[in-house]
């Protein structure tokens with residue numbers, strides 16, 4: 001099944017009820033992320049009740065959706081339910097290639113004018129909720145959703161500008177690799193991801209890594225760092241599955 005497409009309040013309620021049932025990860029306060037991303041998060045993972053925003057940045061530095069995929073993959077593999085709201089270009093094929101379990105993924109591509117209600121309902125029963133941020137969202141609505149996530153132990157991942165997030169991640173630079181003179185195919189992307197936040201995340205951090213790659217992310221060593229054979233470590237080719245924006 002290519003993810004669960006949720007349409008209507010009845011379908012949403014039916015999804016939230018089973019997702020609320022106890023699961024092996026229910027008691028864990030920190031959901032896992034890919035090892036390369038642990039250094040960007042103050043608890044080395046997605047702490048339940050926190051808000052971790054992913055901003056899109058400038059068009060030439062796009063890659064936010066790929067970053068979201070990488071952020072969800074380990075938690076999904078470990079048994080967590082994930083939902084993506086308001087991102088119609090989010091593809092189940094790319095999610096599967098990133099390692100996200102499609103039988104625990106809910107997609108609500110068009111939440112409509114009741115966006116806050118949809119997100120709040122999913123927060124009640126899903127471990128990680130990714131949501132595109134409408135331009136018209138007010139600070140009180142954003143604060144209420146973040147407070148609900150804290151209360152319910154859900155990780156809220158706003159996809160767009162979100163004031164007051166515990167951590168904000170952004171792809172600030174990105175260069176594709178794989179194309180030769182007049183031929184070849186895009187195989188990997190060198191991206192630099194920055195993190196800033198408040199409290200334990202107040203100190204800005206930045207890493208450079210391959211994203212996406214062969215189904216995993218890999219930190220790219222600094223210039224001059226080489227592997228045992230003299231080649232640059234971590235520069236491993238792989239397939240590509242990219243979804244907008």
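What follows draws every value from the coordinates through simple rules; no lab data is involved. Not measured: the values here are computed from a predicted model. As a convention, Cβ positions derive from the backbone with ideal geometry for all residues, glycine included, and neighbour counts pool all protein chains shown.
Compute the Cα gyration tensor for the stretch 33-162, then decide on rounded, prolate or oblate, letting a ≥ b ≥ c be the square roots of its eigenvalues: rounded whenever a/c is under 1.5, prolate when a/b is larger than b/c in the other cases, and oblate in all that remain.
Details: a/c = 1.28, a/b = 1.19, b/c = 1.07.
Rounded.
Compute the Cα gyration tensor for the stretch 98-174, then decide on rounded, prolate or oblate, letting a ≥ b ≥ c be the square roots of its eigenvalues: rounded whenever a/c is under 1.5, prolate when a/b is larger than b/c in the other cases, and oblate in all that remain.
Note, shape of the stretch 98-174 comes out rounded.
Please work out whether the stretch 55-120 counts as rounded, prolate or oblate from its C-alpha gyration tensor, where a ≥ b ≥ c are the square roots of the eigenvalues and a/c under 1.5 means rounded, while otherwise a/b larger than b/c means prolate and anything else oblate?
Working: a/c = 1.90, a/b = 1.05, b/c = 1.81.
Because a/c hits 1.5 or more and a/b fails to exceed b/c, the stretch 55-120 counts as oblate.
Mind checking the full-extension length gain between residue 136 and residue 77? Use 0.36 nm per residue of separation minus the Cα-Cα distance, one decimal, nm.
17.8 nm
How far is it, in nm, from the label point at residue 38 to the one at residue 144 when both lie 7 Å from their Cα along the line to the Cβ?
3.9 nm
Roughly how many nanometres apart are two label points built 7 Å out from the Cα toward the Cβ at residue 29 and residue 151?
2.1 nm
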